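> Submitted below is the structure of interest, expressed as structure tokens.
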Amino acid sequence: MAISKLSIALLLLGTILLCSSSVKSEVEEEASAVVVLDNTNFTEEVGKHDFIVVEFYAPWCGHCKKLAPEYEKAAQVLSKHDPPIILAKVDGSDKTNKPLTDKFNVKGFPTIKIIKSKGEVEQEYKGPRQSDGIVKYLKTQAGPASIEIKSKEDAKSFVDDKSISIVGVFPEFSGTEFDNFVALAEKLRADYTFGHTKDAKILPHGDSSVDAPFVRLFKPFDELFSDFQEFEVDELEKFIEEASMPLVVIFDNDESNRPYILRFFRSSNVKAMFFTSFKSDKLEDYKTELHKAAVEYKSKNISFLLGDPMTSQGAFQFYGLRDTWLPLFMIQDKTNRKYLGKNVEPDQISFWINEYMDGTLTPYKKSQPIPETNDKPVKIVVGDSFSDIVYESSKNVLLEFYAPWCKHCNKLDPILEEIAIALQSENIVIAKMDATLNDAPDEFEVSEFPTLYFFSADKKVKVFEGGRTVESITNFIKKHKFPPTAEPEVTTEAEAEIERVARPKAETVKDEL
């Protein structure tokens, strides 16, 4: 199934966030409370527990090393919980454990899974990476979906200044409103912490005289809490989704901001992203203007982000942005078109967004410079030359989308060159585009590297999915080129199966969340 370019953006963002820092740490030298699992004992051990947490790691992974002492501390604490909560780990880089990494769809390290009901149910771990946060999050996941808050002390420990907490206030713990609240808590428990109480006076923020039932969402930003009194499940879920996002998401190294950054890029909203140095003497002015714009356009489904370019260099590379354009404003619409405002001053922010809303801005296209010479057998395509070489050409074009770091792309290079030389006298162009530095039209979906498309001279687009051999690719070109070959080669069912097996596994962008 094709994956959208937004999904690729989101997957690349996950890699960017994980690779933003490197921290050395060592596990304390003491008896480990973390259970070591592998393919030989995994099923047996998981089958003993209704709730167990498993980290898939690699010994060489810097982020796994950073997590290790925090995971160990949490395991020590949770081993004394009543009942004990077991934390385990699997070396995902060990080839003998590949059946496990495949089963749990492990794309990068570390990946943490919560496994329930003796292996019958699994969910992603979406909590913090520090020991205290791990402990708190897992206690909420192991217990009931919503816990009762009986005192001010309960409320103080339940609501913190780093995460979202949702409390339902009810005259009685029964009835349709309460049942709907608990059902939604069960559905969203991996993302939020839910509690319920009969006494609004014990809650740390908000008006205690509001008539129950109502839901109060506590948050460590903006107005600190939001109330809602509708209990239809869909409406309540929509309220939680909207109220739990900052008006302006901060993209920096603060671990507590990470969930909001991920949700920002997952959102289907138009994305307004502003990048400037967080050491700028105008930073507060930019924050003020962005907040004003976020309030004004909240009802227009536009989400706002303020990013420190020192933290988001990976995002700069992905979007093809340059430091010389800072302070920089970029809007990405729902069709992935991008609009840039370069060297923007604080008082220009609202004006620039108005220009976008009025439809007077020209979309930005990511592109490397057009090569001065392009005389090698395999032609180079960039964003600015795509139309000339592909769309406007009267030739048949086989186009490879590649990434410089992809080893399968490197192996394909001599094969494409051999084909290009063999077919140079025909009406055929063999070309390649670095998909990490150039934008292609939306009809060319790229979810893995390499991806090959064939654009025939009669303007038809086909994706190539056969074996990556000279014979297979040449046969495909001859079969689909225009005008067609008088007697196109016929690939038998057996030959097609051989080609499918021979085709090496493509490299997808790793989701190292």
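The values are calculated or read from the model by the stated rules, or taken from the named source; none is laboratory data. Please read all numbers here as calculations on a predicted model, not as lab measurements. We place every Cβ from the backbone using ideal geometry, glycine too, and count neighbours over all the protein chains shown. These area figures cover heavy atoms from the full protein model, side chains too; ligands, DNA and RNA do not enter into them. Shrake-Rupley method; radii C 1.70, N 1.55, O 1.52, S 1.80 Å.
> Restricting to segment 314-336, what's the tally of residues that are free of Cβ contacts under 8 Å to residues at least 24 places away in the same chain and either of a type in the set (Gly, Ala, Ser) or open to solvent by 70 Å² or more (accessible area, probe 1.4 Å) (or both)?
3
For every residue, the table says whether it meets (1) under 30 Å from the mean Cα position of the chain (by Cα); (2) without any contact (Cβ under 8 Å) to a residue 60 or more places away in the chain; (3) part of a helix (DSSP H, G or I).
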position	(1), (2), (3)
Val390	no, no, yes
Val397	no, yes, no
Pro404	yes, yes, no
Lys411	yes, no, yes
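> How about segment 213-253: which strands (runs of 3 or more DSSP E) wholly inside it have at least 1 residues that are closer than 18 Å to Val182 by Cβ? Write out each step before concluding.
Values: elements: 214-218, 225-228, 248-251.
Where strands (runs of 3 or more DSSP E) fall fully within segment 213-253 and carry at least 1 residues being closer than 18 Å to Val182 by Cβ, they are 214-218, 225-228.
> Could you list all residues from segment 337-353 that are surrounded by 14 or more Cβ atoms within 10 Å (Cβ to Cβ) and not charged (D, E, K, R)?
The answer is Tyr339, Leu340, Gly341, Val344, Pro346, Gln348, Ile349, Ser350, Trp352, Ile353.
> Which condition from (1) open to solvent by less than 20 Å² (accessible area, probe 1.4 Å); (2) under 22 Å from Asn438 (Cβ atoms); (3) not in a helix (DSSP H, G or I) is the one that Phe386 breaks?
(3)
> On to the next question. If only one of Lys287, Lys271, Lys292 is surrounded by 19 or more Cβ atoms within 10 Å (Cβ to Cβ) and of a type in the set (D, E, K, R), which one is it? Working first, answer last.
Numbers: Lys287 fails: surrounded by 19 or more Cβ atoms within 10 Å (Cβ to Cβ); Lys292 fails: surrounded by 19 or more Cβ atoms within 10 Å (Cβ to Cβ).
Just one listed residue meets the conditions, Lys271.
> Would you be able to say whether some residue in segment 357-369 is open to solvent by 60 Å² or more (accessible area, probe 1.4 Å), in contact (Cβ under 8 Å) with a residue 12 or more places away in the chain and over 28 Å from the mean Cα position of the chain (by Cα)?
Yes, there is a match, as at least one residue in segment 357-369 is open to solvent by 60 Å² or more (accessible area, probe 1.4 Å), in contact (Cβ under 8 Å) with a residue 12 or more places away in the chain and over 28 Å from the mean Cα position of the chain (by Cα).
> Check Ile415 against each of (1) within 18 Å of Ala440 (Cα to Cα); (2) at pLDDT 95 or above and name the one condition it does not meet.
Among (1) within 18 Å of Ala440 (Cα to Cα); (2) at pLDDT 95 or above, Ile415 violates only (1).
> Quick check on this structure: which one of Asp154, Asp191, Asp179 is open to solvent by 50 Å² or more (accessible area, probe 1.4 Å) and either touching a Cys at 6+ places or on another chain (Cβ under 6 Å) or within 21 Å of Glu255 (Cα to Cα) (or both)? Spell out the reasoning first.
On the way: Asp154 fails: either touching a Cys at 6+ places or on another chain (Cβ under 6 Å) or within 21 Å of Glu255 (Cα to Cα) (or both); Asp179 fails: either touching a Cys at 6+ places or on another chain (Cβ under 6 Å) or within 21 Å of Glu255 (Cα to Cα) (or both).
Asp191 is the lone residue from the list that is open to solvent by 50 Å² or more (accessible area, probe 1.4 Å) and either touching a Cys at 6+ places or on another chain (Cβ under 6 Å) or within 21 Å of Glu255 (Cα to Cα) (or both).
> With the structure loaded, tell me whether Phe194 is free of Cβ contacts under 8 Å to residues at least 40 places away in the same chain and within 24 Å of Lys126 (Cβ to Cβ) or whether it fails that test.
Against the criterion (free of Cβ contacts under 8 Å to residues at least 40 places away in the same chain and within 24 Å of Lys126 (Cβ to Cβ)), Phe194 does not qualify.
> Do we have any residue at all in segment 422-440 that's under 29 Å from the mean Cα position of the chain (by Cα), surrounded by fewer than 14 Cβ atoms within 10 Å (Cβ to Cβ) and outside any loop (DSSP other than H, G, I, E, B)?
Scanning segment 422-440 turns up no residue that is under 29 Å from the mean Cα position of the chain (by Cα), surrounded by fewer than 14 Cβ atoms within 10 Å (Cβ to Cβ) and outside any loop (DSSP other than H, G, I, E, B).
For (1) in a strand (DSSP E or B); (2) farther than 16 Å from Asp333 by Cα, each residue gets a yes or a no:
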site: Asp281; (1), (2): no, yes
site: Glu284; (1), (2): no, yes
site: Lys287; (1), (2): no, yes
site: Val295; (1), (2): no, yes
site: Ser299; (1), (2): no, no
site: Leu306; (1), (2): yes, yes
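> Considering only residues that are of a type in the set (Asp, Glu) and open to solvent by less than 40 Å² (accessible area, probe 1.4 Å), which ones fall in segment 389-400?
Hit for segment 389-400 is Glu400, nothing else.
> I need every pair where a residue in segment 123-137 that is farther than 15 Å from Pro110 by Cα has its Cβ under 6 Å from the Cβ of a residue that is among the aliphatic types (A, V, I, L, M) and open to solvent by 20 Å² or more (accessible area, probe 1.4 Å), sequence separation at least 6 or different chains.
Partner pairs satisfying both residue conditions: Val135/Val77.
> Restricting attention to segment 138-149, report how many residues are open to solvent by less than 40 Å² (accessible area, probe 1.4 Å) and in contact (Cβ under 8 Å) with a residue 60 or more places away in the chain.
2
> I need a count of the residues in segment 72-96 that are within 21 Å of Gly143 (Cβ to Cβ) and open to solvent by less than 10 Å² (accessible area, probe 1.4 Å).
Matching residues across segment 72-96 total 6.
> Quick one: would you say Ser93 is among the hydroxyl-bearing types (Ser, Thr, Tyr) and in contact with a helix residue (DSSP H, G or I) (Cβ under 7 Å, 6 or more places away or on another chain)?
no
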